[in-house]
Amino acid sequence: MKPKKRATSKYQIKCPICNNKKKKIIIWDSFIRSGNKSGRATNGGWISKPIFTPSKEKIYKCLNCDVGFLKNLRNNLEINNKLFRKIFDGSNSVKKYKSFNQPRELRKFKKIEKFVNFKNKTVFESNCGGGVLLDKIKKKAKKTVGLDHEGYRKYLESKGHLFFSNLIQVKKSNLKFDIILSLGEIEHKFNPSLFLKKLKTILSEKGIIIFRIPNYNNIYKFFIERNFLKYDYRISHNFYFSEKSLDFFFKSNDMDIIKKTGLHEYSFNHLIDFIKKQKRVSDKKRQNLVNENLNKLIIQNLENNMVSTSLLYIVKKK
Ligand SMILES: [Zn+2]
């Protein structure tokens with residue numbers, strides 16, 4: 001007879017990033033987002049309906065390193081990226097990827113280009129999807145390599161990129177990279193430290209890794225709190241990082257932080273609209289309360305103060 005599996009007491013659960021047991025609960029026993037349905041392209045961008053978990057979830061926050069984490073960490077989504085995109089975006093076609101990601105990704109890329117020169121570099125993008133960024137980088141770089149689900153191979157190769165569908169194959173290729181991009185990825189990982197270790201093995205001695213991570217301490221949370229967080233918590237995110245927890249994460253993994261800055265993904269008008277309606281709004285055209293120049297200034301301030309929706313970290317090996 002098998003021994004009965006005992007439920008792990010909350011006192012025994014350690015932070016997956018720093019191993020400390022001190023933590024608090026940041027969400028009540030509650031239903032969190034488990035995906036989207038009825039995804040469709042509209043003039044205002046990709047729109048879909050959020051769906052929620054059938055059972056209640058807990059999210060802890062580590063009182064030592066500040067990271068938030070699901071009590072019940074998921075690892076199934078990591079295995080099949082394409083399945084993941086289907087669940088979460090309602091579709092996984094290259095066309096869908098582009099309509100949803102292209103404008104967003106290119107905006108982020110502009111910011112990255114301010115700090116990183118891709119000229120003549122060997123560049124690797126993990127989780128590259130339809131290769132929006134790789135297409136752009138290819139014009140400057142020596143070599144562009146993408147990693148994603150096998151389903152993207154044909155398309156990526158047709159665009160002249162080298163393609164891999166798992167990190168083991170990349171390692172076996174003996175390629176080393178000057179620049180590695182991992183955007184919007186580590187928060188999904190089951191073990192972010194292990195993932196970073198693997199990336200380090202394919203990074204050249206003086207190479208850099210660029211991470212874009214959603215920022216838990218963002219202006220939406222501060223203004224809207226519960227009515228923002230109830231859409232933001234989701235089973236696809238095992239982790240909720242902040243500046244403090246990212247500083248800890250990179251230092252404890254022997255990485256030097258070369259640059260960190262905020263990266264804000266929506267207009268100031270979007271924030272105001274969300275605050276007024278207290279529910280999710282799309283980023284389509286709306287009555288603008290501030291003009292473009294003032295909008296830019298406000299966003300720059302949010303980014304400088306690290307209260308933007310994402311954070312950008314550029315790191316290298318110690
Ligand atoms: Zn911790």
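The values are calculated or read from the model by the stated rules, or taken from the named source; none is laboratory data. What you see is a predicted model, and the numbers here were worked out from it, not measured in a lab. Virtual Cβ from ideal backbone geometry, glycine too; neighbours counted across all protein chains shown.
Overview of results
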| item | result |
| --- | --- |
| Residue within region 56-77 that is modelled with pLDDT under 65, more than 16 Å from the ligand (Cβ to nearest atom) and touching a strand residue (DSSP E or B) at 6+ places or on another chain (Cβ under 8 Å) present | no |
| Options Lys244, Lys197, Lys206: the member that is of a type in the set (D, E, K, R), over 14 Å from the mean Cα position of the chain (by Cα), assigned to a strand (DSSP E or B) and more than 23 Å from Phe31 (Cα to Cα) | Lys206 |
| Condition met for Pro214 (touching a His at 6+ places or on another chain (Cβ under 8 Å), at pLDDT 95 or above, closer than 25 Å to Lys23 by Cβ and not polar (S, T, N, Q)) | yes |
| Residue check for Glu187: in a helix (DSSP H, G or I) and in contact (Cβ under 8 Å) with a residue 40 or more places away in the chain | yes |
| Pairs where the first residue, in region 114-128, is farther than 13 Å from Arg212 by Cβ and without any contact (Cβ under 8 Å) to a residue 40 or more places away in the chain and the second is of a type in the set (D, E, K, R) and exposed (fewer than 13 other Cβ atoms within 10 Å of the Cβ), C-beta under 8 Å, 6+ apart | Asn120/Lys142 |
| Residue check, Lys276 within 29 Å of Ser34 (Cα to Cα), without any contact (Cβ under 8 Å) to a residue 24 or more places away in the chain and not in a loop (DSSP other than H, G, I, E, B) | yes |
| Pairs with Cβ under 6 Å, 6+ apart, first in region 162-183 and at negative phi, second among the basic types (Lys, Arg) | Phe163/Arg153; Leu167/Lys198; Asp178/Lys121; Ile179/Lys121; Leu183/Arg212 |
| Among residues of region 211-241, those that are without any contact (Cβ under 8 Å) to a residue 24 or more places away in the chain and not in a helix (DSSP H, G or I), counted | 1 |
| Residues of region 156-170 that turn out to be surrounded by fewer than 21 Cβ atoms within 10 Å (Cβ to Cβ) and not small (Gly, Ala, Ser), as a count | 7 |
| Residue count for region 240-265, restricted to those that are of a type in the set (Ser, Thr, Tyr), within 14 Å of the ligand (Cβ to nearest atom) and touching a strand residue (DSSP E or B) at 6+ places or on another chain (Cβ under 7 Å) | 1 |
| Cβ pairs under 7 Å, 6+ apart, first in region 13-41 and under 21 Å from Lys56 (Cα atoms), second modelled with pLDDT under 70 and more than 16 Å from the ligand (Cβ to nearest atom) | Gly35/Ile87; Gly35/Phe88; Asn36/Ser48; Asn36/Phe88; Asn36/Asp89; Asn36/Gly90; Lys37/Ser48; Lys37/Gly90 |
| Residues that are more than 18 Å from Gly68 (Cβ to Cβ) and in contact with a helix residue (DSSP H, G or I) (Cβ under 8 Å, 6 or more places away or on another chain), drawn from region 165-195 | Ser165, Leu167, Lys171, Ile180, Leu181, Ser182, Leu183 |
| Flag for Gly151 being under 30 Å from Ser267 (Cβ atoms) and within 23 Å of the chain's Cα centre (by Cα) | no |
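The rows are residues; the columns are (1) touching a Ser or Thr at 6+ places or on another chain (Cβ under 9 Å); (2) over 22 Å from Val281 (Cα atoms); (3) not small (Gly, Ala, Ser).
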position	(1), (2), (3)
Lys172	no, yes, yes
Leu175	yes, yes, yes
Ile180	yes, yes, yes
Glu185	yes, yes, yes
Lys206	no, yes, yes
Ser236	yes, no, no
Ser245	no, yes, no
Asp254	no, yes, yes
Lys260	no, yes, yes
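A quick yes/no check of all residues on (1) modelled with pLDDT of 95 or more; (2) surrounded by 14 or more Cβ atoms within 10 Å (Cβ to Cβ); (3) not charged (D, E, K, R):
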| site | (1), (2), (3) |
| --- | --- |
| Arg104 | no, yes, no |
| Lys108 | no, yes, no |
| Phe118 | yes, yes, yes |
| Thr122 | yes, yes, yes |
| Gly129 | no, yes, yes |
| Lys143 | yes, yes, no |
| Lys172 | yes, no, no |
| Phe177 | yes, yes, yes |
